[in-house]
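Everything below concerns the one structure shown next.
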Amino acid sequence: MASKKPKAASAAIDKTRVVHDGQEYTEVKEGLGRILIPVSANAATTEEDVQAEEDRQKVFYNPIQQFNRDLTVLAIKAYGEEIAAQRRKAAENKLNKKKRKRADNEETRPPETRKAGARCSHGWVGCY
Amino acid sequence: MDTSEPQNDSVTATDKAAAEEVNTAKETGVDTTGEAAGAANGDPKAGGKARQRKPDPPKFTILDALSATGLRALRYVQELPFVTSVTANDLTASAVEAIRRNAEHNGIADKVNATQSDARAHMYSLIAQEVTQEHARNPHLARRGAPAPSKKYDVIDLDPYGTAATFFDAAVHAVRDDGGLLCVTCTDSGVWASHGYSEKAFALYGGIPVKGFHSHEAGLRLILNGLAQTAAKQGLAIEPLLSLSIDYYLRIFVRIKKSPASVKFLAGKTMIVYSCDQGCGSWETQMLLRNKKVSNNKGNNFFYKHGLSMGPTADSHCAHCGSKTHLSGPMYGGPLHNREFIQRILDDLPNVDKTVYGTTARIEGMLQTAFEEFLPPPPDPHGPIKDDELAAIEPYPFYFHPTTLAGTVHSICPDEESFRGALRGLGYEVTRSHCKPGSIKTNAPWAVIWHIMREWVRQKAPVKVENIKEGSAAYKILRLGKDDSEKTDEASAEIDKLEVVFDKAAGQDKTKKNLVRYQVNPKENWGPLSRARG
């Protein structure tokens, strides 16, 4: 959270250097996610070192799999939006039903049927 | 929370609205959880009467079972507004530390639950808990009341380095059994798409791979077979929503549902393949059981019987070229995709932000191609019934390339349009597979395909007959040794009479321009890279 704000219109994959909790990292952005890849303590001086450092970092992030991740996010979205909507509706229905029942209890029912501890046909208390 | 605002800038409009909804819910989080608890206890007073109650966002959880840096988990939380929490699991302490650091860096530490465990142990722990609790509630197995709320995940993502087969069993236990989603990657293409490690493929996926141009579809079917058979043992049925062969790996999305009735159809949707992999490249398939639609006693309705299959339906030598055939499978013989699901992703694509999803062009091309893979099944004389969906098989699995056909008969390769035109001229459907560029998927039988190739050689591309060895596949298919006295059966005589026209115009496809159907080299030096150690 201490780091800088993401650019809204940046490329899908973007690498920058950031400092987090006093340690230096390479920040890789993909989609809306940002991961920190630790940079080696010993600074890379020779070309070989730079290459070795790059190879080491490849273990953390494989850009070729961006397709897999993009696809998966969109697939879960297609799958989940429908389910979330169904569940939201079910929860609302349940709530409305409860509300209706309570309203029934308080207003429409004649007072004599609302005796304390009265049981309905299910044998439950408070159900009409 | 300060980072959440700029992030929302780059989300699509619909995402944003939904994200705000979630944020509002979060702000009132304390109240709503209190209410929910009250409601769950059945106490009508707990909610308070004066306030309008808004239900909690429904729970939607994802497990990123082999999370490494947690990138997937971070993306799911931030890009999918309906997700309430993601568990990011990894075996190593350093990875879990990285996941926590990254979650904090993204400002979503409250929604990412980082756990350090073997993925299988983590997944089995859910079922262990549930079984123990269920036993405590109902020691005599008498179901009383509704089952306790499940902690199983809505979505489990398995993205290992190599095979995912070792996680199948744990995953089907830990995903919701009322239609939960499993996302599976397998990168061990050397195992499922070659003949180099057939014994290993059998151990992992329960089937033998196919050798040849269509080996990647066989790989998809092998992995689905492994998953389906693992799930079947628990009375769980799989429904493939999307099965893709991508770059060097396979990615499969399947829905898991508790349905012992559907599981009964599995053997009749599992096939073995007789492959002419040394000769002309043709294949025959056979299901292990027959899901046969039969009439009931009254004769007013139909139902499915699961009957035995005949002995080998193919000869040990290829019917077309006479070469030795090999046995492959068993593998999944049902449909690879659910078209509605693909359509839903495609419909959403124009709304997504191209700067967030850098690969949309390729996603569109590949999904459109997968969507068009569907060929209409042969007509059903009995009319539709409810169980048809459960019994659905892929009527025309696999695909070929005109080059391999031309190679077999030693001729110049027919161009794609002429070849498709010829098939369409004879009344067959032609489409392509997403697996390989240049592939042709058709409902024409192999006898017709070879008739077209004979006509191609006769009409357009004569071959040097003297160069073709006696007894070779080309020799047999071009009927070089055949004298007229030799009898052919009626069916093949009928096929021989078919008039083939190589009509390029009929072979052209009028589809959307600039569709990236196949991307051959996504980046320079691409591949699985190296395995993480530590």
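Where does the longest stretch of chain B lie that holds no GluC sites (Glu not before Pro) found in a DSSP loop with 16 or fewer other Cβ atoms within 10 Å?
Counting only loop sites that pass the neighbour cut-off, the longest clear stretch is B:1-428.
State to the nearest 20 debye the size of the charge dipole of region B:378-460 about its Cα centre, where the only charges are +1 on K and R beta carbons and -1 on D and E beta carbons.
Taking the Cα centre of region B:378-460 as origin, the dipole is about 440 debye.
If you take each beta carbon of peptide B:351-363 and count the beta carbons of other chains within 10 angstrom, what is the mean?
What the average comes to for B:351-363 is 5.
At 0.36 nm per residue, and after removing the present C-alpha to C-alpha distance, how many nm does the segment from B:Arg454 to B:Lys513 gain when stretched out fully?
17.9 nm
Just to check I understand the Karplus step: with θ = phi - 60° and J = 6.51 cos²θ - 1.76 cosθ + 1.60, what whole-Hz values come out for region B:233-248, glycine and proline as x?
Couplings: 4, 9, x, 9, 9, 9, 10, x, 8, 7, 10, 10, 9, 10, 6, 10 Hz.
Please compute one quarter of the surface area of the Cα convex hull for region B:402-507 and express it in square nanometres.
Mean projected area of the Cα convex hull: 7.1 nm².
About the Cα centre, and with charges only on the beta carbon of Lys, Arg (+1) and Asp, Glu (-1), how big is the dipole of region B:402-507? Nearest 20 debye, please.
420 debye
With charges only on Cβ, +1 for K and R and -1 for D and E, what is the dipole size of chain B about its Cα centre, in debye, rounded to 20?
Around 880 debye, computed over chain B.
Quick one: which residues, 5 or more positions from B:Leu236 or on another chain, have an amide H under 5 Å from its amide H? H modelled 1.01 Å from N in the peptide plane, none for Pro or chain starts.
B:Ser259
Let me know the volume per residue of the alpha-carbon convex hull for chain B, in Å³.
Output value, Cα hull per residue: 214 Å³.
Please report how many Lys pairs in region B:402-507 have alpha carbons closer than 20 angstrom, counting only residues at least 8 apart along the chain or sitting on separate chains.
Counting lysine pairs in region B:402-507 gives 11.
So for region B:280-408, taking the charge dipole from beta-carbon charges (+1 Lys/Arg, -1 Asp/Glu), which of B:Ile345, B:Leu288, B:Thr360 sits furthest toward the positive end?
B:Leu288
Using modelled amide H (1.01 Å from N, peptide plane; none on Pro or chain starts), what sits under 5 Å from the amide H of B:Thr270, excluding residues fewer than 5 places away?
Here B:Leu288, B:Leu289, B:Gly333 satisfy the definition.
Values quoted throughout were computed directly from the atomic coordinates according to the rules given, and no laboratory measurement underlies them. It should be emphasised that the depicted structure is a prediction, and the values quoted were computed from it without experimental measurement. When we count neighbours, we look across all protein chains shown, and the Cβ atoms used for this are built from the backbone with ideal geometry, even at glycine.
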